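Before any comments, here is the structure.
The values are calculated or read from the model by the stated rules, or taken from the named source; none is laboratory data. Treat the numbers as computed from the prediction; the structure is a model and nothing was measured. Note that each Cβ is placed from the backbone with ideal geometry, even for glycine, and that neighbours are counted across all protein chains shown.
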Ligand SMILES: [Ca+2]
Ligand SMILES: [Ca+2]
Ligand SMILES: [Ca+2]
């Protein structure tokens with residue numbers, strides 16, 4: 001190779017380098033790691049937030065986003081996807097079919113007036129969830145920068161969310177270990193913790209006086225009404241105990257039903273209305 005040839009090669013490499021520097025001026029996208037937790041039917045919850053930054057002299061318009069769910073929640077589990085900037089809705093869709101492979105939400109040509117914006121992605125949960133389905137979104141942004149169109153790389157939600165069927169999101173057994181009971185003995189045989197742990201900020205409220213059961217107790221063992229004399233059920237809600245005092249174990253079949261008024265004489269709360277707790 002001659003000296004002239006080497007100079008020509010060096011020049012080509014240098015020009016490629018300049019070209020790469022120009023490309024680095026495009027906007028930056030980063031996931032903000034929203035960990036919403038459990039989502040219940042009818043909830044509209046922020047699940048992903050993306051920080052977008054542009055250069056001070058760069059003119060950027062956001063055209064649309066592609067949204068894909070990498071989790072297991074299907075078309076019937078999510079009713080709506082909404083994209084917001086601050087308190088403004090930039091776009092939304094109820095055409096959820098195809099979410100597992102990617103759907104488009106039109107942002108109407110949103111002009112980035114600030115150098116930093118936060119795209120907020122909300123999902124509205126449907127009413128037919130089984131519970132346990134997962135939402136783990138990833139987004140790519142289609143935009144115009146200084147007159148040229150671009151598509152960002154995929155931006156994946158760093159923490160996914162889980163759909164729960166509503167009401168109590170976690171039910172855990174913390175019963176004492178199995179033991180023996182003799183005639184005349186009374187002891188705690190079961191402790192179960194029902195928790196409302198979700199992103200909707202609404203408490204589970206128990207049904208007021210009426211015929212709707214508050215608690216069902218079923219004996220899955222072989223002891224009959226001749227073997228079990230009495231039962232007592234204690235509900236502890238927010239540190240307050242509501243007690244059904246000792247009374248005869250009198251199941252219908254295997255199951256005994258306790259009503260609200262078995263625990264409280266005067267309702268401390270109105271019955272639940274509205275969306276899922
Ligand atoms: Ca998330
Ligand atoms: Ca709940
Ligand atoms: Ca709740």
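Numerical summary
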{"read-out": "Selection from region 155-182 of residues that are away from ligand 2 (no atom under 16 Å from the Cβ) and farther than 19 Å from residue 122 by Cβ", "value": "173, 174, 175, 176, 177, 178, 179, 180, 181, 182"}
{"read-out": "Lone qualifier among 163, 158 - being away from ligand 3 (no atom under 16 Å from the Cβ) and touching a residue at least 12 places away in the same chain (Cβ under 8 Å)", "value": "158"}
{"read-out": "Search result, residues across region 118-156 that are touching a strand residue (DSSP E or B) at 6+ places or on another chain (Cβ under 6 Å) and outside any strand (DSSP E or B)", "value": "126, 129, 133, 152, 154"}
{"read-out": "Candidates 187, 198 - the one that is part of a loop (DSSP other than H, G, I, E, B), crowded, with 17+ Cβ neighbours inside 10 Å and either without any contact (Cβ under 8 Å) to a residue 24 or more places away in the chain or within 16 Å of ligand 1 (Cβ to nearest atom) (or both)", "value": "198"}
{"read-out": "Test: residue 193 is touching a strand residue (DSSP E or B) at 6+ places or on another chain (Cβ under 6 Å), loosely packed, with under 15 Cβ neighbours inside 10 Å, more than 23 Å from residue 77 (Cα to Cα) and modelled with pLDDT of 95 or more", "value": "yes"}
{"read-out": "Residues (in contact (Cβ under 8 Å) with a residue 40 or more places away in the chain and more than 23 Å from residue 181 (Cα to Cα)) located in region 209-244", "value": "209, 210, 211, 212, 213, 214, 215"}
{"read-out": "Test: residue 76 is in contact (Cβ under 8 Å) with a residue 12 or more places away in the chain, out of contact with any strand residue (DSSP E or B) (no Cβ under 6 Å at 6 or more places or on another chain) and within 16 Å of ligand 3 (Cβ to nearest atom)", "value": "no"}
{"read-out": "Condition check for residue 71: surrounded by fewer than 15 Cβ atoms within 10 Å (Cβ to Cβ), away from ligand 2 (no atom under 16 Å from the Cβ) and outside any strand (DSSP E or B)", "value": "no"}
